[in-house]
Amino acid sequence: MLYLAAHPQNVVGAPSVVTSDRTVANGVYLGDIEYQGNNNGAPNTQYKLGNPSPDFTYSIGNNFTYQDFDLSIFLTGQYGGKILNALAFQTESLDGLYSNQLAAAGNFWTSTNQNTKVPSPRATFGNNNLVMSDRFIESASFLRLQNVRLGYNLPAKWAKYIMMNHLKVFVSGQNLYVFTKYSGLDPEVGFANQNVLQQNIDNGRYPIPRVITFGLNAEF
């Protein structure tokens, strides 16, 4: 970073000047992202930004009973791993005109809004602010409240009124909540198009739905 401060250069390593004049070719403009790893003026070096595979996965479940109530809970999760938020790459890029962007992109850098991680807009396809970096790499760790089921055994005399041996009402939920720092729709991305080389690349995969079920168990 000290080298870059003394020798400004764009992301491809070409010597540049820091300027607010967008007509200067290959300039490093105010509001641009400053990338580490330009190798002190030498050809750029590629760096590993993380591993899509988690360090470990886990699950835990238990059943509880109290008088005529019973409750079952099942949680799943994983620790470690990284996700490439490719959806944010597209919807927070600010790299062209007439394209929809997420609301978060509105917090872009200006001379009066300098405390932000969103660079100033560049209306060009050769956008140096979109060179792949850890800007769109996020943690894949999560804890999912996968299944919860709460049941109540109705009094036996109620069942006998309708010629039943046993009646039980219950409510269950699947995928009720996910504890995660991931800003996308769902941290459980998997493989894009079943391609093992595209693990944890989130192109906007539809998230796992939340399902609530009410039911009645009857025994004759």
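Every read-out reported here was derived from the displayed coordinates using simple, explicitly stated rules and does not represent laboratory data. The model shown is predicted, which means the values in this text are computed figures rather than measured ones. Ideal geometry is used to build each Cβ from the backbone, glycine not excepted, and the neighbour counts take in all protein chains shown.
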Among the aspartates and glutamates, select those whose C-alpha is under 17 Å from the C-alpha of K157, and discard any that sit fewer than 8 residues away in the same chain.
D68, E219
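How many percent of the alpha carbon pairs in segment 145-220 exceed a separation of 16 Å?
On the way: 1864 of 2850 pairs.
Of all Cα-Cα pairs in segment 145-220, 65 percent lie more than 16 Å apart.
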Does anything in segment 125-155 have its amide N under 19 Å from the 7 Å Cα→Cβ label point of F64, and if so which residues?
144-153
With label points set 7 Å from each Cα along the Cα-to-Cβ direction at N107 and L30, the distance between them in nm comes to 2.2
State, in angstrom, two size descriptors of segment 65-220 derived from its alpha carbons: Rg to one decimal place and Dmax to the nearest whole number.
24.0, 77
Each label sits 7 Å from Cα toward the beta-carbon; between N195 and H166 the label points are separated, in nm, by 5.2
Would you list, by chain and number, the lysines whose Cα falls below 24 Å from the Cα of K117, excluding same-chain residues fewer than 8 positions away?
K48, K82, K181
